Amino acid sequence: MSQNIPSSTSPAPGVAAPSTRRWWTLVTVALAQLMVVLDSTVVNIALPSAQADLGFSDADRQWIVTAYSLAFGSLLLFGGRISDLIGRKRAFIIGLVGFAGASALGGAASSFELLVGARALQGAFGALLAPTALAVLTTTFTVPKERARAFGIFGALAGAGGAVGLLLGGVLTQQLDWRWNLYINVVIAVIAIAGATVFVTTVPRTGPRPKLDVPGTILVSAALFSLVYGFSNAESDGWDSALSWGYLAAAGVLLIAFVIWQRRAAHPLLPLPIVLDRNRGASYSAILIAGAGMFGIFLFVTYYLQSTLKFTPIQTGLGFLPMIVMLVLAAQLSTNIFVPRFGPKVMVPIGMTIAAIGMVSLTHLGVTANYAVDLLPPLMVLGFGMGSTMPAAIQTATLGVDRRFAGVASAMVNTSQQVGGSIGTALLNTLAATAVTDYVASHLPPNPQVAAEAAVHGYATAYWWGAAFFAFGAVLTALLYRRRVASVASAPGTAGDGVADVSAAPEPVVAH
């Protein structure tokens, strides 16, 4: 195995010259990514209207969200590997068509059961679409400067998609109908399918056709299902639920079995050198922690704006816009100026630290607040922190991976964010609920003012823990990322692994 470091203006050796249509490919991929990410929040705004229309209970309501996250989270690695096996373009178009069809089915749903089934189907096709979109980006942009710019845009979308979903969900629900929160995906998907047909190139296969690791697929899918379900159940039933702990324990056992199997499998689903590389491991950890923190931001700030400050859904979405602007600005500055100069070892911990400061700033919010004075500055700080973290982490997570494994390496990015979101939502919800209960118990007799103060106290508790997540992530990534001056070395696998260790390289390295 040999490694060659390309110049910043030419593609890596052994890789086809980049297509002149690659920026349209980026637009297409960005549309698909935005559709998948915003769908995790856009439906939340529509839930009250959907519940009134279809007549399902409060207890059933969570399944509209959980059905999507269970299918999406548990099938991500499988979806990433499928894109490696059948080809990126084909997998990308299948994912888009399937996601659009499932969205149309959900929008037309006449019953709760049909809506839940459509959401699960959305999650399944999303698990194929999300890693394939990132893999297309990874294999399309081979010139380092252009790759940085492309990943800056992609990382900004990954961070801002949730907030965009809140705004879009509010507009569609108030101005049209809750069903348009699902129908809108059909519109986006049709445009993306046309773009994919024209601009996404088909890369010819070299070497023997790879095989699917069936035992590994079953083990990791079952493990991720158990993990996401365990945390989702803990969110609704509490941490004293035997069912929650049973699923979490099963997830641990299945993940251990998966790792053991991957060490001996002839065609592993996830070649272990991909995640054992220090830089990639640090990146996946950063994405997981950022996912936990981001879901906390959107969830509790949304509650605060709507329940405490009485914002409308549209006002709530607009309230997040400055954070999105700062996120996009930071993403572009980070990928085009700071990461090439300082590397992820500096930028990711700094981004995490800035996000932690923003979280701490939110803890000072009270029952009454002025948006411009009290809420706007922390949200802008958070946006800048996330924009400094996500693009650098996502780009490093897929850097130097052999194109044969680009799909599954990309799937690990989405898996990290999805698992982080599930863990963060369950933990922060539980901690906030406990804080509310304790506050009410210590401020008897209860009254509306105490209830309002208790809710704000619960949000503040969640923000403190969110800040702790980010602070821990800053320390962890600062320790894990390699210094840029280190020499480029081979990964701890063999040439057959098809994985090059480029953790210390400032530019992509292609193993061949």
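The values are calculated or read from the model by the stated rules, or taken from the named source; none is laboratory data. As the structure is a prediction and not an experimental result, all values here were calculated from the model. With ideal geometry, Cβ positions are generated from the backbone for all residues, glycine too; neighbour counts draw on all protein chains shown. Accessible surface areas use protein heavy atoms only, side chains included; no ligands, DNA or RNA. Shrake-Rupley method; radii C 1.70, N 1.55, O 1.52, S 1.80 Å.
Kindly check whether there is at least one residue in the range 119-126 that is among the charged types (D, E, K, R), surrounded by 19 or more Cβ atoms within 10 Å (Cβ to Cβ) and either in a helix (DSSP H, G or I) or at pLDDT below 80 (or both).
Yes, some residue in the range 119-126 is among the charged types (D, E, K, R), surrounded by 19 or more Cβ atoms within 10 Å (Cβ to Cβ) and either in a helix (DSSP H, G or I) or at pLDDT below 80 (or both).
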- request: For the range 247-299, enumerate the residues that are among the hydroxyl-bearing types (Ser, Thr, Tyr) and either free of Cβ contacts under 8 Å to residues at least 12 places away in the same chain or open to solvent by less than 10 Å² (accessible area, probe 1.4 Å) (or both).
  value: Ser283
message: Need the failing condition index for Ala435 against (1) touching a residue at least 40 places away in the same chain (Cβ under 8 Å); (2) open to solvent by less than 30 Å² (accessible area, probe 1.4 Å); (3) not β-branched (Val, Ile, Thr), just the number.
response: (1)
query: Considering only the range 300-327, how many residues are crowded, with 20+ Cβ neighbours inside 10 Å and either more than 19 Å from Ala369 (Cβ to Cβ) or in contact with a His (Cβ under 8 Å, 6 or more places away or on another chain) (or both)?
result: 3
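Which residues, taken from the range 102-118, are part of a helix (DSSP H, G or I) and either more than 24 Å from the chain's Cα centre (by Cα) or in contact (Cβ under 8 Å) with a residue 24 or more places away in the chain (or both)?
The first filter runs over the range 102-118 and keeps only residues part of a helix (DSSP H, G or I), leaving 102-107, 112-118.
If the condition is that a residue be part of a helix (DSSP H, G or I) and either more than 24 Å from the chain's Cα centre (by Cα) or in contact (Cβ under 8 Å) with a residue 24 or more places away in the chain (or both), then Ser103, Ala104, Leu105, Gly106, Gly107, Phe112, Glu113, Leu114, Leu115, Val116, Gly117, Ala118 are the ones that fit.
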query: Restricting the first residue to the range 335-355 and requiring it to be without any contact (Cβ under 8 Å) to a residue 24 or more places away in the chain, which pairs with a second residue that is in a helix (DSSP H, G or I) meet a Cβ separation below 8 Å and a spacing of at least six or different chains?
result: Val346/Phe338
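Filter the helices (runs of 4 or more DSSP H) completely within the range 337-408 down to those with at least 2 residues that are hydroxyl-bearing (Ser, Thr, Tyr) and open to solvent by 20 Å² or more (accessible area, probe 1.4 Å). I'd like the intermediate steps shown before the answer.
Numbers: elements: 339-342, 344-362, 376-397.
Correct list: 344-362.
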- prompt: If Val143 satisfies every condition in (1) modelled with pLDDT of 75 or more; (2) open to solvent by less than 30 Å² (accessible area, probe 1.4 Å) but one, which is the exception?
  reply: (1)
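Among the listed residues Thr494, Thr477, identify the single one that is within 20 Å of Ala409 (Cβ to Cβ) and modelled with pLDDT of 90 or more.
On the way: Thr494 fails: modelled with pLDDT of 90 or more.
Thr477 is the lone residue from the list that is within 20 Å of Ala409 (Cβ to Cβ) and modelled with pLDDT of 90 or more.
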query: Picking from Ala468, Ala411, Ala441, Ala474, which residue would you name as being out of contact with any helix residue (DSSP H, G or I) (no Cβ under 7 Å at 6 or more places or on another chain) and farther than 21 Å from Glu235 by Cα?
result: Ala441
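Restricting attention to the range 244-289, which residues are among the acidic types (Asp, Glu) and in contact with a Pro (Cβ under 7 Å, 6 or more places away or on another chain)? Full working, then the answer.
Step one: list which residues in the range 244-289 are among the acidic types (Asp, Glu), which gives 277.
Across the range 244-289, there are no qualifying residues.
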task: Considering only the range 454-467, state which residues are open to solvent by 20 Å² or more (accessible area, probe 1.4 Å) and closer than 17 Å to Gly421 by Cβ.
output: Trp465
Number of the exception - Ile423 against (1) in contact with a Phe, Trp or Tyr (Cβ under 7 Å, 6 or more places away or on another chain); (2) more than 20 Å from Gly458 (Cβ to Cβ): (2)
All positions within the range 215-229 that are of a type outside the set (S, T, N, Q) and either open to solvent by 10 Å² or more (accessible area, probe 1.4 Å) or closer than 10 Å to Leu248 by Cα (or both): Pro215, Ile218, Leu219, Ala222, Ala223, Leu224, Phe225, Leu227, Val228, Tyr229
